[in-house]
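The values are calculated or read from the model by the stated rules, or taken from the named source; none is laboratory data. Being a predicted model, the structure only gives us computed values, none of them experimental. Please note: Cβ atoms are built from the backbone with ideal geometry, for glycine as well, and neighbour counts cover all protein chains shown. The protein model used for the area step is the full one, side chains on, heavy atoms only, and it has no ligands, DNA or RNA in it. Shrake-Rupley method; radii C 1.70, N 1.55, O 1.52, S 1.80 Å.
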Amino acid sequence: MVVTFQLRQIDLQPGQCLTLREINWAEFEAILEELGEHRATRVAYYQEALEIRVPSPEHEVDKELIGDMVKILLDELELDWEPYGSTTFKRCLGWAAPTPQADTRGSSTAQRAFRRWVREALAQ
């Protein structure tokens, strides 16, 4: 017997992950469509395995900190970069994954300290 359900019937709490196997590309595209553009979940697809994850608050803090450090490093190295926000890159033969969201806040104390550390390290 095959059981069918809608994604809105699944309740994931922050920090939880749901993995679905044997999902073909057309099913993946349909699931993305059903989830919509503005969702709290992160989606990854690779080799017919679909992972739907709800990040924990701790994950979000870590993500922001790492993103800020990378931006500071790129700025200090004078490398061009583009913030694409939360974007899903799709390629039928490959994978899909979100990128970190763009950060428009001002510099924090930790960011300024890291920026000083990067400058000092590059000066050596």
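Cα convex hull, region 1-69: 110 Å³ per residue, rounded to a whole number.
On the beta carbon distance between Arg119 and Val61, with R0 = 22 Å, the FRET formula returns roughly 0.35.
Trp81 contributes about 90 Å² of solvent-accessible surface, heavy atoms of the protein only, 1.4 Å probe. In the assembled protein chains, Asp62 presents an accessible area of approximately 90 Å² (probe radius 1.4 Å). A probe of 1.4 angstrom, applied to the heavy atoms of all protein chains, finds Glu34 with accessible area near 100 square angstrom.
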